[in-house]
Amino acid sequence: MKGKEYLKTGGKYYAVDMGLRRTVLGNKSADAGHILENVVYLELLRRYGQVYVGKVGNAEIDFVAMQEREPCYYQVAYTVMDGNILQRELAPLKSVKDYYQRYLITMDLVPSVSYDGIKQVYALDWLLGKS
């Protein structure tokens with residue numbers, strides 16, 4: 001990331017009340033990835049207080065959370081079982097040229113795996129603090 005270049009929200013909004021979100025937007029099963037991203041955002045905000053959207057070149061990193069004054073990078077995807085989706089989600093994290101922690105959070109129930117230092121973790125384990 002160039003300097004400390006963070007995007008402002010870039011048009012992304014997150015709901016504090018998921019029930020209200022469902023009432024306004026309806027129940028769309030294809031929306032599960034957005035709901036997961038919303039839940040991760042709220043948890044990062046609860047844990048660390050400072051959460052940004054990151055930008056590396058033209059790529060966007062879902063979240064950059066400041067943990068003890070150091071950035072930690074997060075991509076969120078409902079599933080990355082398709083190799084093309086996996087590569088698309090990893091690309092922004094691979095573009096980061098520092099050595100701070102990088103996570104790919106998914107609902108894929110697979111053993112914890114690492115891709116060039118990027119840890120893929122199961123969302124429910126991450127939310128429960130198990131990873």
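All of the numbers you see were taken from the coordinates with simple rules; none came from a lab. Since we're looking at a predicted model, the values are computed, not measured. Using ideal geometry, Cβ is built from the backbone for each residue, glycine included, and neighbour counts are taken over all protein chains shown.
Of the residues in the range 105-129, how many are in contact with a strand residue (DSSP E or B) (Cβ under 8 Å, 6 or more places away or on another chain) and assigned to a helix (DSSP H, G or I)?
So the count comes out to 2.
Might you check whether a residue that is in contact with a Leu (Cβ under 8 Å, 6 or more places away or on another chain) and small (Gly, Ala, Ser) occurs anywhere in the range 66-84?
Yes, the range 66-84 contains a residue that is in contact with a Leu (Cβ under 8 Å, 6 or more places away or on another chain) and small (Gly, Ala, Ser).
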